[in-house]
Amino acid sequence: MSLNALTSANILVVDDQSDNVQTMTRYLEEASESYDLLTASNGKIAYNVAQKLLPDLIITDWDMPQMNGLQLTQALKQTPLTKDIPILLITGVYTTTENLKAALDAGAFDYVRKPIQKIELWARVKSVLSLMHSYKTIKSQHQEIERKNRLIKEQKDRELNTKILELHQKTQILRTIQERLEKIDIKEKASASKEVTKIVRYIDNSLDLENEWQNFKNYFEKVHPRFFTLLQEEYPKLTTEDLRYCAYVKTHMSNKEIANLLNINTESVRTHKYRLKKKLGLPKNVELKDFINQLIV
C-alpha cells in the first residue's frame, strides 16, 4: 500500500444491525480520507467477502449471530490469505479487561467501544492503516534484501563450483602427464637430460593434496566463511580429510564427482561418508547431506 493508498483503502464494515452499519459508513464517508467501503451483515458473509476482495481493514461488531466478531477474527487469522488483514473490533457489551485481552489474543489489531465516536473512529482507522503501511513497507524491503542476498549467494556458489571444476581439471591434466612420464623407458629418461626430472618434480609439487586443499578452502570460505570454524568447534576430532568431504557435500557434489576429484573409487567415498556420519554422531535416518546443508553459515 502506497502513501496515496492510505486515503483510498478498502474497508469492510461488518454488523448485523443495519443502523450501526449506516452510522459507521457515514462517519467514514465524512472523513478527510476517501475510503472505498464494503459492508456485510454477519461474520460468515464477511469471511467470504474477505477471501475474495482482501480488504485493507475490517471493522466488525463483536456481538453477532452465526459467527460473531471474535470468531470471525480467529477464522481470518487462521487463513493464510487473510491472516495479515488488520481487524478493529467494535464492542458495547464485551468491555471487561478479560474480554479485550481475548480480542487481542485472537488477533484483533485494536478495538472501539460503543457508542462509536466519529473522531475516535477516524483516528483508530487512520492509525491502523498507517501502521499497516509501515509494516508492508518493511516486509517488502526485507523480501528485497533476501532476494538480493539469494542472488549474491547463487553467484558465489557458481564461482565456487567453477573453481572446483578448474581444480579438478588441473588435477586430471597433471595426473595424465605424470602417468605418461612414468611410462617412459628408464634409458629414455636418462637421455632426456634433467628436463624430465624437473617436470616430474613440478607435477609432484602441484599435485600435493594439502596445497590443493588450501586453494579450494580459500575459495570455499569466501562463500561459507564460518563453515569450517563451526564444524571444528563442534567436532574437534574431525581431520582435514573429514572437513574436505563436508565441504564437497556442502557444494552438492555427487560421490562420482568426489571420487574423480580425489582420484579414488566411489566405494571409498561412500565408506568415508559412513565413517564421517559416525564421527558426527548422526542417527541412521539422518542423511549427511541434510545435516551439512542445515548448518547456518
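Quick notes on this structure:
- Being within 30 Å of Leu57 (Cα to Cα), assigned by TED's automatic domain parsing to the domain that holds Asn68 and surrounded by 14 or more Cβ atoms within 10 Å (Cβ to Cβ) is a description that applies to Ile90.
- Residue in the stretch 192-214 that is modelled with pLDDT of 80 or more and not in a helix (DSSP H, G or I) present: no
- In the stretch 16-64, the qualifying residues are those that are farther than 17 Å from Leu121 by Cα, among the polar types (S, T, N, Q) and surrounded by 16 or more Cβ atoms within 10 Å (Cβ to Cβ), and the one that is farthest from the chain's Cα centre (by Cα) is Ser41.
- Answer from Lys273, Lys250, Lys289 - the residue that is among the charged types (D, E, K, R) and over 23 Å from the mean Cα position of the chain (by Cα): Lys273
- Here is the figure for the stretch 256-271: residues that are surrounded by fewer than 17 Cβ atoms within 10 Å (Cβ to Cβ) and either of a type in the set (A, V, I, L, M) or modelled with pLDDT of 90 or more (or both) total 7.
The values are calculated or read from the model by the stated rules, or taken from the named source; none is laboratory data. Computed from a prediction, not measured in an experiment: that's the story for all the values here. Ideal geometry is used to build each Cβ from the backbone, glycine not excepted, and the neighbour counts take in all protein chains shown.
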